[in-house]
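Enquirer: Okay, handing you the structure first.
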Amino acid sequence: MSKYKSVILLLTVVSQGAAIIFLFINFWVSIMLFLLYGGAMLVLFILLIIERIREKEEEDQNDYSDY
């Protein structure tokens, strides 16, 4: 899962930087890159939420506070 997060994070950084540069060159390409950036951010947030849910389940299984 960490490999996917790293790739998506790299995609967000590159697409945002390219979108800002293309804003001065070609407006429509810039809009598409911003949409790609937004989609990648959405996927990244979903992956982080899924990872947190899995960590929470793992913590609940290893909870020894009631012994």
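Enquirer: Give me a count of the residues in the range 1-50 that are of a type outside the set (A, V, I, L, M, F, W, C), in a helix (DSSP H, G or I) and without any contact (Cβ under 8 Å) to a residue 12 or more places away in the chain.
Expert: Applying the first criterion (of a type outside the set (A, V, I, L, M, F, W, C)) to the range 1-50 yields 2-6, 12, 15-17, 26, 30, 37-39.
Then keep just the ones that are in a helix (DSSP H, G or I); that gives 2-6, 12, 15-17, 30, 37-39.
So of that shortlist, the ones also without any contact (Cβ under 8 Å) to a residue 12 or more places away in the chain come out as 2-3, 6, 17, 30, 38-39.
Result for the range 1-50: 7.
Enquirer: Pick from Leu47, Leu35, Leu42: which is more than 11 Å from the chain's Cα centre (by Cα) and at pLDDT 90 or above? Break it down into steps so the answer makes sense when it comes.
Expert: On the way: Leu47 fails: more than 11 Å from the chain's Cα centre (by Cα); Leu42 fails: more than 11 Å from the chain's Cα centre (by Cα).
Of Leu47, Leu35, Leu42, the one residue that is more than 11 Å from the chain's Cα centre (by Cα) and at pLDDT 90 or above is Leu35.
Enquirer: If you scan the range 19-56, which residues turn out to be closer than 17 Å to Ile8 by Cα and open to solvent by less than 70 Å² (accessible area, probe 1.4 Å)?
Expert: Residues satisfying the conditions are Ala19, Leu33, Tyr37, Gly38, Gly39, Ala40, Met41, Val43, Leu44, Leu47, Ile50, Glu51.
The values are calculated or read from the model by the stated rules, or taken from the named source; none is laboratory data. Computed from a predicted structure; not experimentally measured. All Cβ positions, even for glycine, are placed from backbone atoms using ideal geometry, and neighbour counts span all protein chains on display. In case anyone asks, the SASA skips ligands and DNA or RNA and just uses the protein heavy atoms, side chains included. Shrake-Rupley method; radii C 1.70, N 1.55, O 1.52, S 1.80 Å.
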